[in-house]
Amino acid sequence: MKRTATSILILAALVFGGLVGNALAQKPAPTQATGERVATAATAAPVNLTLPLKTDSVRFLAIGDTGTGTEQQKELADVMLRYRQAFPYEFVLMMGDNMYGGEKPADFKLKFENVYKQLLDDKVKFYATLGNHDESNQRFYKDFNMNGEEFYRFAKGNTAFYSLNSNYMDKRQLKWLEEELAKDASDWKIIFMHHPPYSSGGKHGSSSALREVVEPIFLKYGVNAVFAGHEHFYERVKPQKGIYYFISGAGGKLRPGDVKKGSPLTEKAFDTDMSFMLVEVAGDELHFQVISRTGQTVDSGVLTRQQPKAKPLNASHPSAAPAGQEQGNAAKP
Amino acid sequence: MKHKMNRTTGFVMGALVVFGLTFSPVPTIAQQTAGQQPDPLESLPVKDREIVVAFQERVKDYTKMREAIELKMPKLAKESTPEQIQAHKTELEKRVREARAGAKRGELFTPGIAAFIRKTIKSEYKGRELVELREAVLEADTKGVPLRVNYTYPESKELVEMPPTLLLKLPQLPKQVRYRFVGRNMLLVDRENGLIVDYMLNALP
């Protein structure tokens, strides 16, 4: 009798579950500006992690140009959340344009706090950089962890992160960057900023004036990888003078079809839906996986650290913290 | 013959290596980076240097006045809420605007420094570079930014990326004040309260 009742319950659950599943699948999906029909997070592909989840690795998410507060941004945030179950990233790098259109308290709620509420509640830290739509005062906002500075450094495990203000790269900032890099003994030195030194974007393209001043510094001090936004798509640029360049700028806006076809810079690009990057730094390897709003993996791979483990001459930066342990921002510029 | 060919090949290879090392676009460790370059002020003719120094003094006077105002206000914490940021910005904007009531265009950007800035941009950007600079500046959404001293740069408007190569040539500013392009015009904007401190017309040729 008891067994029969259990069977009925299971059968009912299966039937009900199937009906609900069908209903969800039949719900009309929103369309993009192009009119192309796209799936939503509700119909998204299942989580399919390709990252190795090695012990003591540094795990983070990189996303840019988020600040819209649109349904699409929220859908992407849902996928970010789902992937955190499989890949418990500890923090998020924001590539700038964190607030489009206005920066009143209501905008912070609409375009950031509400969208990433669950991640914020789960104590995932967001580290922001400033874009051309961002006021300098964002550096005081507690959830952007900029510590009152427009450009700053923090370290996790064997990796140092430098957030630069590419919108106003003056001599003061360049001097600070050089001084910090010169004493940085971290295995990995990662830059994140808004404008991409290399890009295949049709609307903007490479920020060549920026590249002219920062690239010699990156080369001189062994910067390994650069993450940027500004372009509303994803691009993995072919290594330039040995440095890895990524663009992850489709976190809240999309510019469909903007990547120039046949660009000699492109290793891999994705410009038909919004996306974010998952990154795992483990020893001498940097693993990455790029996920679209529908949960598809659109790029993945592993890159090897370029520089041999050699400490700079005046290595005094306290950058060898255990994995997961955060270090404070560098001295005031 | 074979021996001669080897020597010739060796010479050609050697010359190529020397040429490559000399003209390689990849900077070597010994090269000076942008952050290490000397202040362009040092290489200016005396007359230009006097104009630039006087301009920097006027900007410094502004930042001193503004700092004195800010010191009397509650300090904005490094971990503030959006409400606290908004309140601080609004109050600082109000107090500085009151302190500068009656300020007019050209008080900082005098004709002398305006001419120097135009000349600097013109000499630094030519041909393709000038076209690219114009494109980058003019594509930005800055319509509606008022060209008025003591008015606010609207927070909803884009901030045009200042080309770093140009920033290295222009007179250095204290960190509280920024150069900003709006169309072909150049503004001096306070980074904390968004006030337009001064502006000059047709900075971009």
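Rank these by accessible area, largest first, 1.4 Å probe: B:94, A:183.
B:94, A:183
How large is the dipole of segment A:96-233 about the Cα centre if only Lys and Arg carry +1 and Asp and Glu carry -1, each at its Cβ, rounded to the nearest 20 debye?
Value, rounded to 20: 140 debye.
Counting only heavy atoms of the protein chains, get the accessible area per residue of segment A:59-304 (1.4 Å probe) and round it to a whole Å² value.
26 Å²
In peptide A:125-134, how many Cβ atoms from other protein chains are near each Cβ within 10 Å, on average?
2
Taking the Cβ of residue B:160 as the centre, find all other residues whose Cβ is under 10 Å away and add up their charges (Lys, Arg: +1; Asp, Glu: -1).
-2
Using a 1.4 Å probe on the protein chains only, how many percent of the accessible area of segment B:43-200 belongs to carbon and sulfur?
On the way: 4100 of 7550 Å².
Summing carbon and sulfur atoms, their accessible area is 54 percent of the total for segment B:43-200.
Just to confirm a number: summing +1 for Lys and Arg and -1 for Asp and Glu over residues other than residue A:297 whose beta-carbon lies under 15 angstrom from that of residue A:297, what do you get?
Neighbour charge sum, excluding residue A:297 itself: +1.
Apply the Karplus parameterisation 6.51 cos²θ - 1.76 cosθ + 1.60, with θ equal to phi minus 60°, to every residue of segment B:105-117 and state each ³J(HN,Hα) to the nearest whole Hz, in sequence, with x for glycine and proline.
4, x, 6, 9, 7, 5, x, x, 6, 4, 5, 5, 5
Assign unit charges at the C-beta atoms only (+1 for Lys and Arg, -1 for Asp and Glu), then state the dipole size of segment A:59-304 relative to its Cα centre in Debye, rounded to the nearest 20.
120 debye
Provide the net charge surrounding residue A:225, with neighbours chosen by a C-beta distance below 11 Å and charges set as Lys +1, Arg +1, Asp -1, Glu -1.
Neighbourhood net charge equals +3.
Which parts of segment A:155-185, residue by residue, lose 10 Å² or more of accessible area when the rest of the protein chains are there, as against the chain isolated (1.4 Å probe)?
A:166, A:167, A:168, A:169, A:170, A:171, A:172, A:174, A:175, A:178
With θ set to phi - 60° and the Karplus curve 6.51 cos²θ - 1.76 cosθ + 1.60, what are the ³J(HN,Hα) couplings of segment A:157-166 in order, to the nearest whole Hz, using x for Gly and Pro?
x, 8, 10, 9, 10, 10, 9, 10, 9, 6
³J(HN,Hα) across segment A:252-266 via Karplus (A = 6.51, B = -1.76, C = 1.60, θ = phi - 60°), whole Hz, x for Gly/Pro?
Each residue's phi maps through the Karplus curve to give x, 9, 9, 10, x, x, 7, 6, 5, 5, x, 5, x, 7, 6 Hz.
DSSP loop (so not H, G, I, E, B), at most 15 other Cβ within 10 Å: list which chymotrypsin sites (Phe, Trp or Tyr not before Pro) in segment B:47-128 pass both filters.
Sparse-neighbourhood loop chymotrypsin sites (Phe, Trp or Tyr not before Pro): none present.
Hey, how many Å between the Cα centroid of segment A:182-239 and the Cα centroid of segment A:68-129?
23 Å
Can you work out the base-10 log of I(q)/I(0) for segment A:59-304 at q = 0.11, 0.16, 0.17 1/Å, using the Debye formula on its C-alpha atoms alone?
For segment A:59-304 at q = 0.11, 0.16, 0.17 Å⁻¹, log10 I(q)/I(0) is -0.50, -1.16, -1.34.
Give the ranking of A:190, B:69 by solvent-accessible surface, highest area first, calculated with a 1.4 Å probe.
From most exposed to least exposed: B:69, A:190.
Considering only protein heavy atoms, what is the solvent-accessible area of residue A:203 at a probe of 1.4 Å, reported in Å² to the nearest 10?
Accessible area, nearest 10 Å²: 100 Å².
Rolling a 1.4 Å sphere over the protein heavy atoms, what is the accessible area per residue of segment B:43-200, to the nearest Å²?
Here the per-residue accessible area is 48 Å².
Roughly how crowded by other chains is peptide B:34-40, in terms of the mean Cβ count from those chains within 10 Å of each of its Cβ atoms?
Neighbouring Cβ atoms belonging to other protein chains average 6 per residue here.
Sequence-distant or interchain residues sharing an amide H contact under 5 Å with residue A:299, placed H: which?
A:290
How large a share of the accessible area of segment A:59-304, in percent, is made up of carbon and sulfur atoms when the probe is 1.4 Å and the other protein chains stay in place?
About 48 percent, which is the carbon plus sulfur part of the accessible surface.
When only Cα pairs under 8 Å and 6 or more residues apart are kept, what is the percent relative contact order across segment B:124-203?
29 percent
Averaging over all projection directions, find the projected area of the Cα convex hull of segment B:46-96 and quote it in nm² with one decimal place.
In nm², the orientation-averaged hull projection of segment B:46-96 is 4.5.
In Å², rounded to the nearest 100, what is the total accessible surface buried by chains B and A against each other with a 1.4 Å probe?
Chains B and A together bury approximately 4200 Å².
What is the packing order of peptides A:90-97, B:129-136, taking the mean over residues of other C-beta atoms within 10 Å and listing the highest first? Each step should come with its number before you reach the end.
Values: A:90-97: 25.2, B:129-136: 15.0.
The densest-packed peptide leads the list: A:90-97, B:129-136.
Among the listed pairs A:156/A:238; A:109/A:253; A:189/B:157; A:156/A:183, give every one whose C-alpha distance is greater than 21 Å. All intermediate terms of the calculation are to be shown ahead of the outcome.
Numbers: A:156/A:238 26 Å; A:109/A:253 18 Å; A:189/B:157 33 Å; A:156/A:183 16 Å.
The answer is A:156/A:238; A:189/B:157.
Hey, got a sec? Which trypsin sites (Lys or Arg not before Pro) in segment A:98-140 land in a DSSP loop and have at most 16 other Cβ atoms within 10 Å?
Taking segment A:98-140 and a limit of 16 other Cβ atoms within 10 Å, the loop trypsin sites (Lys or Arg not before Pro) found are A:123.
Toward the positive end of the charge dipole of segment A:59-304, about the Cα centre and with charges on Cβ (Lys, Arg +1; Asp, Glu -1), which of A:60, A:251, A:169 goes farthest?
After comparing all options, I get A:169.
The values are calculated or read from the model by the stated rules, or taken from the named source; none is laboratory data. If you're wondering where the values come from, they're calculated on a predicted model, not measured in any experiment. Cβ: placed from backbone, ideal geometry, glycine included. Neighbour counts: every protein chain shown. Side chains are part of the model used for accessible areas, which takes the heavy atoms of the whole protein and leaves out ligands, DNA and RNA. Shrake-Rupley method; radii C 1.70, N 1.55, O 1.52, S 1.80 Å.
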